[in-house]
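S.K.: Here it is: the structure, laid out below.
Values quoted throughout were computed directly from the atomic coordinates according to the rules given, and no laboratory measurement underlies them. Being a predicted model, the structure only gives us computed values, none of them experimental. We place every Cβ from the backbone using ideal geometry, glycine too, and count neighbours over all the protein chains shown.
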Amino acid sequence: MTDDQEYDKPRQMRIPDSEWGPFEDATKAQHPTGRSPRAAVVREFIRWYLRRPGAKLPERPAAGPWSEAD
């Protein structure tokens, strides 16, 4: 299996840098391993939002520097 086959097709979303960067920090705090913890959390949220069987709302990390508003 090649790297291209291992991952799903990329999707585009418009998220301000002021949220995307801190989101990465927060997801790494909660999920320190893996290629893209942000993507994993977004996928978890989507499954929960669609009410898929067994899906749960992703757990949030404790407050941290990412919690501060700009």
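S.K.: Would you work out the relative contact order for the chain, in percent, from Cα pairs under 8 angstrom that are 6 or more residues apart?
M.R.: RCO, the chain: 29 percent.
S.K.: Next question. Chymotrypsin sites (Phe, Trp or Tyr not before Pro) within the chain: which are DSSP loop residues with at most 14 other Cβ atoms inside 10 Å?
M.R.: Y7
S.K.: So, one more: For the chain, which span is the longest to avoid every loop-located (per DSSP) member of trypsin sites (Lys or Arg not before Pro) having at most 13 other Cβ atoms inside 10 Å?
M.R.: My reading of the result: 15-34 is the longest stretch.
S.K.: Sticking with this structure for a sec: Given only helices, namely DSSP H runs of n ≥ 4 each adding -39500 (n - 2.57), what is the per-residue ellipticity at 222 nm of the chain, to the nearest 500 deg cm²/dmol? Intermediate results must be reported in sequence, preceding the final value.
M.R.: Numbers: 3 runs with 31 residues, N = 70.
Computed ellipticity for the chain at 222 nm equals -13000 deg cm²/dmol.
S.K.: Still on this structure: Sorted from largest down, give the three principal axis spans of the alpha carbons of the chain, whole angstrom values.
M.R.: 40, 28, 25
S.K.: Going by alpha carbons, how many degrees (0 to 90, nearest 10) lie between the helix axis of 17-30 and the longest principal axis of the chain?
M.R.: Roughly 80 degrees, rounded to the nearest 10.
S.K.: Towards the positive end of the charge dipole of the chain, with charges on Cβ (+1 Lys, Arg; -1 Asp, Glu), say which of A55, A26, Q12 has the farthest Cα.
M.R.: Farthest along the dipole direction, towards plus: A55.
S.K.: Using DSSP loop states and a limit of at most 16 other Cβ atoms within 10 Å to flag GluC sites (Glu not before Pro), what is the longest stretch of the chain containing no flagged site?
M.R.: By the stated rule (loop sites, at most 16 other Cβ atoms within 10 Å), 1-58.
S.K.: Measure nothing fancy, just the Cα-based angle from helix 37-49's long axis to the longest principal axis of the chain, in degrees from 0 to 90, nearest 10.
M.R.: In the chain, helix 37-49 runs at an angle near 80 degrees to the longest axis.
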